[in-house]
1. Suppose only helical runs count, i.e. DSSP H with n ≥ 4. What mean residue ellipticity at 222 nm does that imply for the chain under -39500 (n - 2.57) per run, divided by all residues and rounded to the nearest 500 deg cm²/dmol?
2. Name the most mobile residue of Ile83, Ile64, Ile244, meaning the one with the largest mean-square fluctuation, in a Gaussian network model of the chain with Cα contacts below 10 Å.
3. Along its three principal axes, how long is the stretch 265-338 when you only count alpha carbons? Whole Å, largest extent first please.
4. Which one, Ala73, Ala61, Val126, is farthest towards the positive end of the dipole of the stretch 61-192 when Lys and Arg carry +1 and Asp and Glu -1 on their Cβ?
5. Hey, what's the Kirkwood Rh for the stretch 1-108 if you take every pair of different alpha carbons, in angstrom?
6. Report ³J(HN,Hα) in whole Hz for each residue of the stretch 371-379, in order, from the Karplus equation J = 6.51 cos²θ - 1.76 cosθ + 1.60 where θ = phi - 60°; Gly and Pro get x.
7. Explain nothing, just the number: dipole magnitude of the stretch 207-379 about its Cα centre with +1 on each Lys and Arg Cβ and -1 on each Asp and Glu Cβ, in debye rounded to the nearest 20.
8. For the stretch 66-83 and the stretch 97-121, what is the separation of their C-alpha centers, rounded to whole Å?
Amino acid sequence: MNALAHQTAAEFEARFGYAPAGVWSAPGRVNLIGEHTDYNEGFVFPFAINRRTYAAIALRADGIARVASAFSADAHEVPLDKIKRDESLDWAAYPLGVAWAINRMATELGRDFSAAGFDCFIESDVPVGAGLSSSAAIECAVATGLNELWDAGLTRSELARAGQLGENEIVGAPTGIMDQSASLLGVADHGVFLDCRSLEAEVVELGFARDGLELLIIDTKVAHRLVDGGYASRRAACEDGAAIMNVSSLRELTESDLAAAEAAMTNVTYRRVKHVVTENARVLETVRRLQETGPRSIGELMYASHKSMRDDFEISVDELDTAVETALRHGAVGARMTGGGFGGAAIALTPIERISEVTNSVYAEFEACGYARPDVFAVSAAEGATREF
Ligand code: GLA
């Protein structure tokens, strides 16, 4: 029995006065490699983690959506056909946004669920603001539940698209499709290798435990927000770079095009392009090495990815760099910042016998630098979104 799932149902009942029709859950994700490649139609390799968000849901007959959660005192109530971008929605933009998106996708198929509103209560043990996609976990738990209750018949890939659409249009964050894909398609002990152009996904065994490794998350506690300008400006630079090179997306370029790119654009735009092109190559090489030589051979690719984000894409911060360097110095096989950047978390692939040394060294180094105390904890690759009961 999953305690948090049952607690979510009880909280739903306390809030709305009746029992939910069911509880659905979806995991957060960590990205092993492939950063800022998703919206460039490139490759990503994230995995779903063993931290989940739970959504207790029941349909209503009056077209109203009511959402409440354990992490905020604010409940929100809005007619389904009136959902639109609105800052005052705050966290509720994630569940309401995905409900709006499923409806919009259904309209294209000649269907309409807006008469059947819903009540929803959300609980979560995915850390918020750590770059572990607590937002995608909300979207995917709610999407999986509504898809079933509305009998919408969307596939998991379509639900991922609905999550992204809601986030782009209702939350207002111009994010790609990686987070929702990981949350919906994850498999225990496997990474989700996704081609963001074809949307073909393949799960690839990670084999960390078998090789005596654990993936540590170092949550720097530096707040990152994807609706702020840094993410959007990186995306815009990638689009400029593609236009200058006369290709539909940076996916169309390879390392052999980089000299021409360097000659054709400003140095800043070139470095953004270079990051994306080399990062795509690193994802493919990571998958190949995992399959052929195992996880201990991917460390240098992780660190190369970090340096590319630090120096070329310029989305790291001092706390992330300190986390990565300290972990590597104390025995991590590989380390890099993960997620959108400008804060959030770093990851460190660490031999089990070095976990306490890496953890304690990171705490000590952060203290010596005068940074806030980070959170350091291990995650493992878990199943994607599912119905709990
Ligand atoms: C955030 C976005 C993703 C992706 C990453 C960077 O997590 O939500 O779509 O772009 O940043 O790789």
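1. Numbers: 11 runs with 150 residues, N = 389.
The per-residue figure over the chain is -12500 deg cm²/dmol.
2. Top of the fluctuation ranking is Ile244.
3. Sorted from largest, the Cα extents of the stretch 265-338 read 39, 28, 14 Å.
4. Ala61
5. Over the stretch 1-108, the inverse of the mean reciprocal pair distance is 16.1 Å.
6. Computed from phi, the couplings for the stretch 371-379 are 7, 4, 5, x, 9, 10, 7, 8, 10 Hz.
7. In debye, rounded to 20, the stretch 207-379 gives about 240.
8. Measuring centre to centre over Cα atoms gives 15 Å.
Laboratory data are not the source of any read-out in this text; all were calculated from the coordinates shown. Bear in mind the structure is a predicted one, so any value in this text is a computation, not a measurement. Cβ atoms come from the backbone with ideal geometry, glycine included; neighbour counts cover every protein chain shown.
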